[in-house]
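Here the structure is laid out as C-alpha cells; the discussion comes afterwards.
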Amino acid sequence: MTTDIRVPTLGESVTEATIGQWFKKVGDAVSADEPLVELETDKVTIEVPAPSSGVLSEIRVQTGDTVEVGAILASIAEGKAGNGTKVKAALKAEAKPAKTEVKPALKVVEKPASGAVQPVPPSVRRIAAENAIDLSGIAGTGKEGRITKGDAMAALTARAVQAPAAKTPAAPRPVAEREERVRMSRLRQTIAARLKEAQATAAMLTTFNEVDMTEVIGTRAKYKDLFEKKHGVKLGFMGLFVKACIAALKEIPSVNAEIDGTDIIYKNHYDIGVAVGIDKGLVVPVVRDADLKSLAEIEKEIGALGQRARSGDLKIEDLQGGTFTISNGGVYGSLMSTPILNAPQSGILGMHKIQERPIALKGAVVVRPMMYVALSYDHRLVDGKEAVTFLVRVKECLEAPERMLLDI
Amino acid sequence: MAKTYDLIVIGGGPGGYNCAIRAAQLGLRVACVEKRGALGGTCLNVGCIPSKALLHSSELYEEARNGIAKMGIIVESVKLDLKAMMAHKEESVDALTKGIRFLFKKHKIDEIIGAAAFTAKNKLTVKLNAGGAEEFEAKSFVIATGSEPVGVPGVPIDEKLVVSSTGALALAKVPEHLLVVGAGYIGLEMGSVWRRLGSKVTVVEFLDRITPGLDGEVAKTFERVLKKQGLQFKLGMKVTGVKKNGKGAEVTIEPAKGGAAETIACDVVLMSIGRRAFTDGLGLDKAGVKLDNRGRVVTDEHYATNIAGIYAIGDVREGPMLAHKAEDEAVACAENIAGRAGHVNYGVIPAVVYTYPEVATVGATEEELKAAGTAYKVGKFPFTANARAKVNATTDGFVKILADAATDRVLGVHMIGPDAGNMIGEAAIAMEFGASSEDIARTCHAHPTLTEAIRQAAMAVDGWTMQA
C-alpha cells in the first residue's frame, strides 16, 4: 500500500510554494513524523513530515519546483528499506489497493525577521531587562551581527535623546489675554526644522572679518551706468560677493563640501545659494554653476530669482542642491550676525551693512565704508585655519577686485 | 617533465604544514617542501615544543628540590639526569613530527624532502636531501620558510660557546654561568630552564626594561618575580664583544647610553635578541618576489606577493613571529587560494611567555591605549586572593583587564600568573566576540579555579570585585 504526500494547506492567501531541500531520497526508510521536504512560501518555511513509516517510493517534484496546495509531492510505500528490487517489488504488490491519504501534521518554522537569532551576552540581557529595551530593534555590530554591550548602551542613549523630544507635543497652552495663536506656515515649519537640524548636526561656529568697501564702491560707481546699459541689469554688490566666494571656495575645498556618514563629499561645482527675505520668511534660491557665469549673468539670475521668490513663483528645484550660501543681513541694517548653516552645506557667508567708520590706515585715522563679514562653518570638516583663510581671501578679493580678474 | 601540483608549500613549519592540510581539505593537490627532514619547523624541532619540554621538566625538578617540602612531601637526594631529560624532550619532538607526517598521508599531501629554489614564477627546483634535484610546477606557491636567530654583529654563533635558542635547548652539561643576551621571551624561558637546573644566569638587555611590547605593569612585576627567583638583570646594557678564553667566554658590556664598560666571565652565551625572516637560497630574485628593507616578503592582506600565484605566510612576512599567528595565516591563505574568504583578526592574537609564572597577553596594552588616546577603564585582581592559587602555593601575579570607557568592550587582557598561557584563551574568545568586561563578569566560572581571577578582574573594571 502506498500513501501519497500532498502539499498541505499553507495558510491564508497562500496557494503555492517552492520546493526547498529534500531530506530523503527514493529508497530511503522514513519513520512517521520525520521531516521529508522543505516548502518555502513568502511567509514561512514549512517542513513536511512523513505521514507514516515506510520507504520513500517516489518523488514527484524537485528542488526549485513550484507546487500548488494539494499537489502530490511524493509517495511512501509500506515496508523496510533495502535494495532497489525490494522497493520495486513492494510497489508492484501494492499497485492495486486503494490509496489512503493522510494529512500530514504541520511543523511550521517561522522565518526570523532578519538573519538568524543570535545569543545575547549577559551585559546586554541586563541592560535590556533594566531599561525595558526591545533588543529586536537593535542592529548588532558584533561578530555575525551579535549585539554587544556597546550597541545596547548606544540604543539606551538614543532613546534618552529621543525621549524629551517626544514630550514636547504636550497639551496646547491656553491662549492668554493679549495673545494670539496662529498656525505656523509650512515654510515656517520647514525653516524651523532645518535650522534646528543644522544646529543639532554640525559643530557650528563663526569667524569674523571686516572689508574696506572703498574699491568695490568705486568700481561700481565708475561702471554702473555702462554695465546697466550693456547688460540690462544693475551692477550690485551681490555678484561681486558671489565671485569672491567662488575664488575662496576653490582655494578651500572643504567649505564647499559636506559630510555624508563617515565620508566627506567634495563638490567641484559651485552652486551658490543666495538668501532672499520675503514676507513669509526666508528662502534660498540657488545660482547654479556660478563659477562658469559672468558677473552680469549672476546679477541677472539673482534678480530673477529674487523676483520669483517675492511673487511666490519659485520652484522646488530653484531651492535645492546649493553647495554654499550667502546671506545678507545688511539690507536690514545688521552690523554683525552669526548665520546658521544651510545643511548639509558646511559654510555660509554673512554680509552686513556698509557703514562709514574711522579706521587706522598707514598710521592715520581715515573714514572708510566698512562691512563686517561672517563665515559660519561646520568645524567637523572645516578647520579654523581654513575658515579664517577663506574669509581673508574673500576680504582680499573685495578690497582689490582686480585680484579676481588676475586669479590671485 | 616537471611534476605539477595545484599548490606547493615551501616550509613544513606551523605555517607551512597547516596551510598544506587546509588546502588539501579544500580539494587542492598539494605538496610541501621541507629541507630539515622532519616536519614541524622551528616550533616543533628547535623552538616552542622542545623548550616547553625542558621548561616543564626543569620546573618539576625545582619543585622536587625546593617547593613541595612545605606541603609535607619530603624528597631526599633529588638528582638531575640531564641526558634523560634531553632524551624525553627528543622523544616528544620525534613523536610529534611523525604525527605531522601521518597527517600529510591522511590528506594525501606529498612531502618533498629537500631545499626549494624558484627558477621562474611558476617553477621550483628542489635539491633533494637524498641526492639529485627535481623540478616542480604549480598554480600557486606559499612561502612559509620562517625565520632564523640573529646575532650581535661581530659575535658569530657557533652553537657551543655562543649559542642561539637551538643550542641552548641541547647543552651537554649545565653551565655554571649562562649569560643571556636579550630579555625577550626566548631569553627568559631558556634562562629560567638553566637557572632551575643549577646555572647562575645573567640577562643583558639593551633597553631599560624586559619583554619590550608587553604591558608595562606586567613587565615590571615579571622582572621582580624573576629577580626573586635568582635571575640577574643588566638592563640598558649592550654587548660589545665576546672573547673566548680557555674554558668559557669574557663578555664585554657597556651602558647603551654610553659609559664605563665591564666584563662578565661565563661558560655559555645565549644570543636571543631577535629573529629575521629566512629566504636564503630560495631564488626569490628569479621569481621576482619583492622583499622589504628587513628582508621580509612583502604581501597584501590576502598574503599575495607582488607575483601572481605566489603567497607568503608566517615569520617570513610582517607581524609577530608566533607559531599560532603563522597557523592562522596558513588557514586564511589556503582558503583564499581555494576561493574562499579567509581572514585573520590581528587585534586578537595572544602571546605567552612560558616561564614560571607564565605571562600571557592579548589585545592592546595600557601604553598602547594611552598613545592612541583611547579612554579606558582598568580592572585588576591578584592571584594572592584566588583560592586555587593559594592552595597550590602559586600566588605570584595578577590579571589585568582593559576595557573601553564608553562601551565597556574588552580591549586587552594581560596576566602574569600560574597557567596564564592556558587561561588567555578565555580572553581571546571574549575579545573575538566583542565581549564587554561585564559579559566576562557575568559568565559563571567554576570554583575553585584560577580562571575566577579573570572574572574578578572583569568585575573590578566596574568596581564590584567581590573577593579582594
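The values are calculated or read from the model by the stated rules, or taken from the named source; none is laboratory data. Not measured: the values here are computed from a predicted model. Every residue, glycine among them, receives a Cβ derived from its backbone with ideal geometry; neighbour counts consider all protein chains shown. Surface areas here come from the heavy atoms of the whole protein model, side chains and all, with no ligands, DNA or RNA. Shrake-Rupley method; radii C 1.70, N 1.55, O 1.52, S 1.80 Å.
Worth a mention:
- Within the stretch B:224-239, the set of residues being at pLDDT 95 or above, out of contact with any helix residue (DSSP H, G or I) (no Cβ under 9 Å at 6 or more places or on another chain) and either buried (at least 20 other Cβ atoms within 10 Å of the Cβ) or among the basic types (Lys, Arg) (or both) comprises B:224, B:227, B:228, B:234, B:237.
- Enumeration of residues in the stretch B:278-316 that are touching an Asp or Glu at 6+ places or on another chain (Cβ under 6 Å) and either assigned to a strand (DSSP E or B) or open to solvent by 10 Å² or more (accessible area, probe 1.4 Å) (or both): B:278, B:296, B:298
- Of residues in the stretch B:1-22 being touching a strand residue (DSSP E or B) at 6+ places or on another chain (Cβ under 7 Å) and farther than 22 Å from residue B:277 by Cβ, the one most open to solvent (accessible area, probe 1.4 Å): B:3
- The stretch B:327-352: number of residues that are open to solvent by less than 10 Å² (accessible area, probe 1.4 Å) and not in a loop (DSSP other than H, G, I, E, B): 5
- Complete set of residues in the stretch B:353-379 that are open to solvent by less than 30 Å² (accessible area, probe 1.4 Å) and part of a loop (DSSP other than H, G, I, E, B): B:355, B:357, B:364, B:365
- Residue under evaluation residue B:415, criteria (1) open to solvent by 50 Å² or more (accessible area, probe 1.4 Å); (2) closer than 30 Å to residue B:72 by Cβ; (3) assigned to a strand (DSSP E or B), criterion not met: (1)
- Counted residues, the stretch A:262-292 - those being open to solvent by 50 Å² or more (accessible area, probe 1.4 Å) and not hydroxyl-bearing (Ser, Thr, Tyr): 11
- Residues of the stretch A:169-201 classified as of a type in the set (D, E, K, R) and more than 25 Å from the chain's Cα centre (by Cα), total: 7
- Residue B:274 meets the conditions (1) within 24 Å of the chain's Cα centre (by Cα); (2) on the phi < 0 side of the Ramachandran plot in every case but one. The failed one is (2).
- Test result for residue B:443, open to solvent by 20 Å² or more (accessible area, probe 1.4 Å), more than 27 Å from the chain's Cα centre (by Cα), of a type in the set (Ser, Thr, Tyr) and modelled with pLDDT of 95 or more: yes
- Number of positions in the stretch A:146-155 that are more than 7 Å from every other protein chain (Cβ to nearest Cβ) and open to solvent by less than 40 Å² (accessible area, probe 1.4 Å): 4
- Scanning the stretch B:383-398 for residues that are closer than 17 Å to residue B:216 by Cα, away from every other protein chain (no Cβ under 14 Å) and hydroxyl-bearing (Ser, Thr, Tyr) turns up nothing.
- Test: residue in the stretch B:348-364 that is within 24 Å of residue B:436 (Cβ to Cβ), more than 14 Å from chain A (Cβ to nearest Cβ) and hydroxyl-bearing (Ser, Thr, Tyr): yes
- Scanning the stretch A:119-141 for residues that are touching a residue at least 12 places away in the same chain (Cβ under 8 Å) and more than 24 Å from the chain's Cα centre (by Cα) yields A:119, A:120, A:121, A:123, A:124, A:127, A:128, A:131, A:133.
- Qualifying positions in the stretch A:30-71 - among the small types (Gly, Ala, Ser) and either at pLDDT below 85 or not in a strand (DSSP E or B) (or both): A:31, A:32, A:50, A:52, A:53, A:64, A:70, A:71
- Qualifying positions in the stretch A:362-381 - touching a residue at least 12 places away in the same chain (Cβ under 8 Å) and either over 25 Å from residue A:239 (Cβ atoms) or open to solvent by 40 Å² or more (accessible area, probe 1.4 Å) (or both): A:368, A:372, A:378, A:379, A:380, A:381
- Looking only at residues of the stretch B:179-228 that are assigned to a helix (DSSP H, G or I) and hydroxyl-bearing (Ser, Thr, Tyr), we find that the one that is farthest from residue B:353 (Cα to Cα) is B:221.
- Of all residues in the stretch B:166-185, none are more than 23 Å from residue B:295 (Cα to Cα) and polar (S, T, N, Q).
- Residue check, residue A:210 open to solvent by 20 Å² or more (accessible area, probe 1.4 Å), closer than 21 Å to residue A:371 by Cα, in contact (Cβ under 8 Å) with a residue 40 or more places away in the chain and not in a helix (DSSP H, G or I): yes
- Checking A:259, A:246, A:298 one by one, the residue that is surrounded by 13 or more Cβ atoms within 10 Å (Cβ to Cβ) and part of a strand (DSSP E or B) is A:259 and no other.
- The single condition among (1) assigned to a loop (DSSP other than H, G, I, E, B); (2) within 21 Å of residue A:125 (Cα to Cα); (3) of a type in the set (A, V, I, L, M, F, W, C) that residue B:393 does not satisfy is (2).
- Residue B:89 being charged (D, E, K, R) and either open to solvent by less than 40 Å² (accessible area, probe 1.4 Å) or part of a strand (DSSP E or B) (or both): yes
- Residue tally, condition touching a residue at least 40 places away in the same chain (Cβ under 8 Å) and more than 31 Å from the chain's Cα centre (by Cα), over the stretch A:326-345: 4
- Scan the stretch B:418-440 for residues that are within 7 Å of chain A (Cβ to nearest Cβ) and buried (at least 21 other Cβ atoms within 10 Å of the Cβ) and the total you get is 5.
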